[in-house]
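Working notes, structure below.
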Amino acid sequence: MQSTLLSRASTVLPNQHLLVNLVRLRVRQLMRGHRPLITAPPGMGLADVALSEVIAGKLSYEVAPGIRPDNSFMPIVTFSDARVEKKAA
C-alpha cells in the first residue's frame, strides 16, 4: 500500500475507521472478482486500487439510521423513567 494514496484518501474521507472499513470491503469485493471502478495499471495492489477509487470519488458510504455522524449511537426508542412493580408470586 502506498503512503501517498493513503494520505490523499484520508483527505477525502477524514474518518479513519470509515476509510479502513470501506477499503476492507472493497478489497474483499475485488478479491472475489469484481472489476475495478477505475483503470488500474497491471500489478497494482488491491488496496491501492480501493484507495484510488476513494480518491477518484467512485466509492462512498451511507450512514445507517440511528448512528450520529461522530459514530456514536443515539437511542432510537426512549423509555419513560416509570418503573413497573413486580407482583409477588
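Each reported figure results from applying straightforward, stated rules to the coordinates on display, with no laboratory input. Treat the numbers as computed from the prediction; the structure is a model and nothing was measured. Please note: Cβ atoms are built from the backbone with ideal geometry, for glycine as well, and neighbour counts cover all protein chains shown.
In this simple spin-label model, placing a label point 7 Å from the Cα along the Cα-to-Cβ direction at both Glu62 and Thr4 gives a separation of 3.6 nm.
Taking all Cα pairs closer than 8 Å and separated by 6 or more residues, the relative contact order of the range 3-55 comes to 50 percent.
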